[in-house]
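Every number here is computed from the coordinates shown, using simple stated rules; none is lab data. Note that the coordinates shown come from a computational prediction; the quantities given were computed from them, not determined experimentally. Every residue, glycine as well, gets a Cβ built from its backbone with ideal geometry; the counts of neighbours run over all protein chains shown.
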Amino acid sequence: MDYPWLQAGREQFVRLSAQLPHALLVYGSPGLAKHTLAMEMVAALLCESEPVAGEPRRACGRCRSCTMFSSFNHPDFHYLSSEQFVESRDNPDLVYTRRYLDPPEKRGKRKPRKVISVDQVRALIDSFALSSHSAAYKVALIEPAEAMNINASNALLKLLEEPSPGSVLILVGNDLSRLPMTIRSRCIALAVDTPEEGQVLSWLMAQGLSEATAQKATAIAGGAPLTALQYARSEEISGFERLLETLTGLLNRQLDPVEAREALLKLQALPVLLAWLQKLMNWMIRYSQTGDTHGGAPWRGYQRQFSALSRKLAGVSQAVLFELYDELLELRHQDLDVVNSAMLLDKWLISFARRLA
Ligand SMILES: [Zn+2]
């Protein structure tokens, strides 16, 4: 599968590789295939074939190093990630993360950790201190970079300040604001931007989606192509429709807040629901500002359901919508592992119904 929106990032890497920095930070929203771009960069750095003068650095796919890399067996590739990240994905190359994670027998039944720990970073520093197994670089990938806790970041800082010769660090991050400035400022940043909607829609249709489905999926994925594709292939699209209908039912007093909450929690887990509600509040705020009902509106895939809901917005001030939005943000900042989902959602739905119905 090719991701045409990665082209700008690929070209930037080619320009950078003329005088390779010790640390690169690939960043952008989730669902843009940043991992793929980072792995292409890793493969290019590990490749042992002589770069052709004037040609961009890329993996040849044939040399000893490329063969080892693609058979998940390259000793000079170091991949640091969190247990939770690894468990939430099914890329075969995640097998590389095992070297820096507790083996299953040691983990036992505890929950997967969200963090990249200081022990992992120290182990990487030790590995980097040894000479590389081949003539090319030693490369480390740290993903998601914001999963490093503060001790891990501090340990990494030493490596950024005194890089091992012949080593390159590639950090991949979704949320730069969660990465210390001391780390960010020592990396060359490589941004992966959310592509134009037209490019997302044509890519999704090339993957076999109808235009209507592609539009709906793009709307709820916030324009991130991989997320949109994942949504289109699961229940998310109809789930989001049900969310719009449930909230309309709540405002029309066909449902009370408890019934609405029960219906919503059947659709999705709380973190996803809160993200959806936030997206919906964004739409409602934008609608109240522009009154736009179609054309370039992000909700046009859900035109019918959104229209029913937006009719309730006549006479509602933007201040009220902003307050509802902020209340939602507060909920999203709670530790969702420990709070009572039902109570949390009830609180917001009651507020929503009271202010808008
Ligand atoms: Zn090669």
- Name all residues of the stretch 131-173 having a backbone nitrogen under 19 Å from the label point set 7 Å from the Cα of Ser71 along its Cα→Cβ direction, giving them as ranges. 133-136
- Work from the charge dipole of the stretch 4-191 (Cβ charges, +1 for Lys and Arg, -1 for Asp and Glu, about the Cα centre) and give the residue of Ala147, Leu32, Leu46 farthest towards its positive end. Ala147
- Task: Report, to the nearest 10°, how far helix 150-161 tilts away from the longest principal axis of the Cα atoms in the chain, using its own Cα long axis and a range of 0 to 90°.
- Result: 40 degrees
- Could you list which residues have their amide H under 5 Å from that of Ser49, counting only those 5 or more apart in sequence or on another chain, with H placed in the peptide plane? Cys60
- Message: Nearest 500 deg cm²/dmol is fine: what mean residue ellipticity at 222 nm does the chain get from its DSSP H runs of n ≥ 4 alone, each adding -39,500 (n - 2.57), divided by its residue count?
- Response: -15500 deg cm²/dmol
- Task: Pull up all non-local amide H partners of Leu255: gap of 5 or more, or a different chain, and H-to-H distance under 5 Å with H placed in the peptide plane.
- Result: Leu250
- Note on the structure: Residues Trp299, Trp203 in order from fewest to most other beta-carbon atoms within 10 Å are Trp203, Trp299
- Query: Check Gly173: other-chain or 5+ apart residues with amide H under 5 Å from its amide H, H built from backbone geometry?
  - Reply: Val26, Tyr27, Gly28, Ala145
- Of the convex hull enclosing the alpha-carbon atoms of the stretch 235-356, the direction-averaged projected area in nm² is 7.0 nm²
- Would you mind ranking His133, His78, His35, His333 by Cβ crowding within 10 Å, fewest neighbours first? His333, His133, His35, His78
- Please name whichever of Ala353, Thr290, Pro257 sits farthest to the positive end of the charge dipole of the stretch 235-356, dipole taken about the Cα centre and charges placed at Cβ: Lys and Arg +1, Asp and Glu -1. Thr290
- Message: Show me the ranking of peptides 53-60, 90-97, 164-171 by mean Cβ neighbours inside 10 Å, starting with the highest.
- Response: 164-171, 90-97, 53-60
- Would you list Glu83, Glu211 from fewest to most Cβ contacts within 10 Å? Glu211, Glu83
- Task: Within the stretch 217-307, list the trypsin sites (Lys or Arg not before Pro) lying in a DSSP loop whose Cβ has at most 10 other Cβ atoms in a 10 Å radius.
- Result: Arg253
- Item | Stokes-Einstein D in µm²/s, Kirkwood radius over Cα pairs - the chain at 25 °C with 0.890 mPa s viscosity | 108 µm²/s
- Length released on extending from Asn340 to Val115, taking residue separation times 0.36 nm less the Cα-Cα span: 78.7 nm
- Message: Only four residue types carry charge here, +1 at the Cβ of Lys and Arg and -1 at the Cβ of Asp and Glu. Report the dipole size of the chain about the Cα centre in Debye, rounded to the nearest 20.
- Response: 320 debye
- If you stretched the chain out fully between Ser234 and Arg89, how much longer would it get, using 0.36 nm times the residue separation minus the C-alpha to C-alpha distance? 50.6 nm
- Message: Can you report the principal axis dimensions of the stretch 46-94 using only the alpha carbons, biggest first, rounded to whole angstrom?
- Response: 42, 20, 16
